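The values are calculated or read from the model by the stated rules, or taken from the named source; none is laboratory data. If you're wondering where the values come from, they're calculated on a predicted model, not measured in any experiment. Every residue, glycine among them, receives a Cβ derived from its backbone with ideal geometry; neighbour counts consider all protein chains shown.
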Amino acid sequence: MDRLFIEALPIIRKLKEHNYQAYFVGGAVRDHLLERSIGDVDIATSAKPDEIQQLFPSTVDVGANHGTIIVLYKNNSYEVTTFRTETGYKDYRRPAEVAFIHSLVEDLKRRDFTINAMAMDDKGKILDYFEGKKHLLEKRIMTVGNPHERFSEDALRMLRALRFMSSLDFQLDYKTEQAIKENFFLLEHISVERKTAEFVKLLSGKSPQAAISKMLETNVFKCLPFLEQKSGGLKTLSNLEFRHLQTSAEYWTLLIRVLNIINIEAFLRGWKLSVKIIQHVKNNNEVLTKVLSRGWSKKLVYQAGLNQSLQIERVYQALKNSKSQESFKLIEQIYEELPIKNREEIDLSGHEIISIMNKKPGPWVAEILCRIEEKIIYGSLDNSNKAIKEWLESCKQK
Ligand code: ATP
Ligand code: MG
């Protein structure tokens, strides 16, 4: 059993000591069977939310009415969810009502795909009622039950199917795929935030190209913000190698480039991204434009800093479909050799400039600082208080 499961065992054992049923469920069980590193350990139990809260001293109520309580235990947090069925799906979104139940099988039945609908008990025994293990071997994504029904209950599952295609490098089961083709338009009813979360996971998976191609084939792309008219760009994206990208800002930077997005702000807002990430992507894009036209320079690496330069280089290489370790080394070398890494390191303050020049403070101070900065970066001026003062004096005399 994985260390993360072992660490969570006391929670399952405690629930069982109090005569409740409790199992590991969902993605962690799937990833354990795939011998992949597991993510969040989720637990399902017959105990009701208030009963869970009574048993554990440290909990967070994140949705007790839907049955989910977070249990904090030894520096870890676990989602502990009461067995439930879901009814009253409205508008093709998540259910309006949930009913707490005592049956594990019924709880597993409401889950999206067979590979996500297995449970594991505290001895490591797998409970697999829907052929999940077989489908893992076949690398098959298949809904639990009739795909049409499951997608009309919650249309997001269609996008999730594509994201699991990417993150696991699996194929869609034939009937599941047909049902996506027939029901893709229901995704219109799903909130942007839920789509964005799945889409980012799709882009950052093992096999995003295949999932993007399938997104085009099934028409799912038509229901994603600002993508309806972008089938050409998406086709291009599906032919690029970008699995070396690391941060979500990198994926969004690549996307706006490949899709030729003019109003970047509106596009990213349309995906409901945070102000922080929007700013980051816009900034990446500006630097990338310069790199595309003139290549890397000392000044660009200095302005962007090492981390951002490497991020932008990864996007650049994705756009150019190139794989050059040399470029990363070159950027690192340029950065290493920079005499200063930021403006604060200049060995002369604004006050000193004002007193040497003997002029009233004004925008000219920043301009001079910029010149000093550039001269230091390019090595024509030493970053020493004395040298900079001498240079300033020589300017004064001109
Ligand atoms: P990951 O490792 O990428 O987080 P995951 O399988 O854990 O994958 P989550 O989105 O964290 O995916 O969901 C946890 C589990 O909850 C899933 O494995 C699945 O059993 C169930 N689930 C999540 N979303 C849905 C949904 N929209 N419909 C039905 N079941 C769902
Ligand atoms: Mg998860």
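Miscellaneous remarks
- Any hit, region 141-152, residues being charged (D, E, K, R) and outside the structural domain of Ala44 (by TED's automatic domain parsing): yes
- Output for region 70-90, where each listed residue is of a type outside the set (Lys, Arg), in contact (Cβ under 8 Å) with a residue 24 or more places away in the chain and away from ligand 1 (no atom under 14 Å from the Cβ): Val71, Tyr73, Asn76
- Tally of residues being away from ligand 1 (no atom under 16 Å from the Cβ), surrounded by 14 or more Cβ atoms within 10 Å (Cβ to Cβ) and not polar (S, T, N, Q) across region 37-59: 7
- Looking only at region 91-106, and only at residues there that are over 19 Å from Gly63 (Cα atoms) and charged (D, E, K, R), the one that is nearest to ligand 2 (Cβ to nearest atom): Glu106
- The C-beta contact set for region 24-35 (first residue β-branched (Val, Ile, Thr), second residue away from ligand 1 (no atom under 11 Å from the Cβ), distance under 8 angstrom, 6+ apart or interchain) comprises Val25/Ile43; Val25/Met120; Val29/Met120; Val29/Ile126.
- Which listed residue, of Gly26, Gly39, is modelled with pLDDT under 90, within 22 Å of Arg157 (Cα to Cα), within 13 Å of ligand 2 (Cβ to nearest atom) and not assigned by TED's automatic domain parsing to the domain that holds Pro147: Gly39
- Selection of region 74-125 for residues being aromatic (Phe, Trp, Tyr) and in a strand (DSSP E or B) yields Tyr78, Tyr89, Phe100, Phe113.
- Residue in region 260-276 that is of a type in the set (S, T, N, Q), within 30 Å of Glu217 (Cα to Cα) and either assigned to a helix (DSSP H, G or I) or touching a Leu at 6+ places or on another chain (Cβ under 8 Å) (or both) present: no
Residues are listed down the side, and each one gets a yes or a no for (1) of a type in the set (Asp, Glu); (2) buried (at least 18 other Cβ atoms within 10 Å of the Cβ):
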{"residue": "Lys201", "(1), (2)": "no, yes"}
{"residue": "Ile212", "(1), (2)": "no, yes"}
{"residue": "Cys223", "(1), (2)": "no, yes"}
{"residue": "Lys235", "(1), (2)": "no, no"}
{"residue": "Ser238", "(1), (2)": "no, no"}
{"residue": "Glu241", "(1), (2)": "yes, no"}
{"residue": "His244", "(1), (2)": "no, no"}
{"residue": "Val258", "(1), (2)": "no, yes"}
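- Among the residues making up region 61-112, a single one is touching a Pro at 6+ places or on another chain (Cβ under 8 Å), modelled with pLDDT under 85 and acidic (Asp, Glu): Glu86.
- Residues of region 1-23 that turn out to be more than 16 Å from ligand 1 (Cβ to nearest atom), out of contact with any strand residue (DSSP E or B) (no Cβ under 9 Å at 6 or more places or on another chain), within 14 Å of Gly124 (Cβ to Cβ) and in contact (Cβ under 8 Å) with a residue 12 or more places away in the chain, as a count: 1
- Each residue in region 127-168 was checked for being β-branched (Val, Ile, Thr) and within 10 Å of ligand 1 (Cβ to nearest atom), and 2 of them qualify.
- Here Leu34 meets the list (1) crowded, with 18+ Cβ neighbours inside 10 Å; (2) within 16 Å of ligand 1 (Cβ to nearest atom) almost entirely, failing just condition (1).
- Residue match in region 68-85 (condition: over 22 Å from the mean Cα position of the chain (by Cα) and among the small types (Gly, Ala, Ser)): no
- In the set Leu4, Leu34, Leu9, Leu15, only one residue is within 15 Å of ligand 2 (Cβ to nearest atom) and within 13 Å of Tyr73 (Cβ to Cβ); that residue is Leu4.
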